[in-house]
1. Hey, got a sec? Which chymotrypsin sites (Phe, Trp or Tyr not before Pro) in region 112-187 land in a DSSP loop and have at most 12 other Cβ atoms within 10 Å?
2. So if each residue of separation counts as 0.36 nm, and I subtract the Cα-Cα distance between Ala437 and Arg112, what length gain in nm does that give?
3. So which trypsin sites (Lys or Arg not before Pro) in region 342-429 pass both tests, a DSSP loop state and at most 10 other Cβ atoms within 10 Å of the Cβ?
4. Can you tell me the 0 to 90 degree angle between the C-alpha axis of helix 316-328 and the longest principal axis of the chain, rounded to 10?
5. Please compute the modelled spin-label separation between Ala79 and Asp9, points set 7 Å along Cα→Cβ, answer in nm with one decimal.
6. With only alpha-carbon atoms in the gyration tensor, what are the semi-axes of the equivalent ellipsoid for region 200-356, in Å, largest first?
7. Lys26: which lysines have alpha carbons under 21 Å from its alpha carbon, excluding same-chain residues fewer than 8 sequence positions away?
8. Any idea what % of Cα-Cα pairs in region 225-281 are farther than 14 Å?
Amino acid sequence: MVATHETTDVSALPLAPENPLSYRQKMHALRNFHTGIEQLRDAGGPVSRVEFGPKWLMPPMVVVASPRGGRDMLGRRDAFVDKTASVHLELRKLLGGNLFSLPHAEWLPRRRSLQHVFTKKHVLEFGGHMADAARAICDSWDDCAQIDLDGQCRLLTLRALGRSVLGIDLDERSEQIAQPLQVALSYVADRAMSPLRAPSWLPTPARRRARNASKTLHALARDILTACRRDPGRDAPLVRALMEAVDPDTGRSLSDDEICDELIVFMLAGHDTTATTLTYALWQLGRHRHLQDRVRAEVYALGPDGPTPEDVPRLTYTTQVLHEALRLCPPGAALTRSAIRDIDVDGYRVEAGSLVAFGIWAVQRDPALWPDPLTFDPERFGPDRAKQIERYQYLPFGAGPRSCIGDHFAMLEATLALATIIGRCEIGSLTDDFPVAVPFTVVAGEPVLAIVVKR
């Protein structure tokens, strides 16, 4: 599907219908927005309107759960939808403006400045540390030991993030990332989803914890940047790329504050979301040994030295496993925008001022779009079947102009990590359920236990 520029009058279109669920059911659905959008879709169709009171108190929300609706909302190249919703405002207040949260006018020059850093060719230069970190993690496991896949994957991604792009050993500073991120993002999500919010000047306990978390994250980012400025030889490709980034249209460089704001969002994307994807993929392979054996055979075919960034194009089935993991457990369960003017979304009129929420989780598990949707089947992403998947039917990294800038890097790291672990260990999952929590992004809700056998 090709994104279009809105030029037609949409006033004749029917208003997005009001969702028939009760107030309590709608509030519960939005607080559990990964599965909640499925419930809203089942009750009110692929596009429905949710209201909790007068517009001055909380703007109406239009919930979208169809590929066409995703195209109409995310694929736009005009300025008729933007990141001015409360969740983006709260993020900017607490963590600073970055590629994820900036409104269009500020985002565009930032994206121009950083786009070249995350091309496929460029990320190969700093993706190899993931395989080294995965080998070290595997070596630390005792044969036949019981491990928490989630905890180990978080340690792995944190180590690789530090050594590959930030130029710092994060093992001893992990407490400065994981917990502060969860505190800050949970606070943002709670504020964004609450019709009645305490005024920003009121020093509530939750706000104090969130601001302290933000100070911790910014202090770490500042330390990383300072260390790179003091030591020109330090291997920190992402930090150096941010330091050297220039908007090709204006010649403007990023300030130190802007660099630190970007480092924080990359810590989130490079640590939290990649860890969840790896955990889920390993858990599924631990439940389906025949699929795990197929990944292992693919890794062994590379030779005794193990996977390198240059080997990734040959790891086709391993990549299919990760795509299926991202389909069933997308770290970003939903995306939100604000309608700046009336727009057409899947044949319905969405009024200016509305919050528009697209349910990635809901669409990627929709039985109308995916046969047997809850079955883990990497063959969905085989060369032939993948061609049948509609663009806005599968979008774990978003879509349109504001899709994730780091998607190539994330897939490179996840593929190397999964291949390295399965090539060295056999994973046996100990549970048939994957516990999920969504403080902001999707994470494991509790330890994901497995037995590892060295090979």
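Read-outs: derived from the displayed coordinates by stated rules, not from any lab. Note that this is a predicted model, so its numbers are computed, not measured. No Cβ is skipped: glycine too gets one built from the backbone with ideal geometry, and neighbour counts run over all protein chains shown.
1. Details: sites: Phe118, Phe126, Trp141, Tyr187; in loops: Trp141.
Nothing satisfies the criteria.
2. Between Ala437 and Arg112, full extension yields 113.6 nm more.
3. Details: sites: Arg349, Arg365, Arg380, Arg385, Lys387, Arg391, Arg402, Arg424; in loops: Arg365, Lys387.
Here the trypsin sites (Lys or Arg not before Pro) that fit, given the DSSP loop and packing criteria, are Lys387.
4. Approximately 40 degrees, to the nearest ten.
5. Once both label points are built, they end up 2.4 nm from each other.
6. Details: eigenvalues 246, 162, 75 Å².
The three semi-axes for region 200-356 are 35, 28, 19 Å.
7. Filter leaves Lys55.
8. Values: 1001 of 1596 pairs.
When every Cα pair of region 225-281 is considered, 63 percent fall beyond 14 Å.
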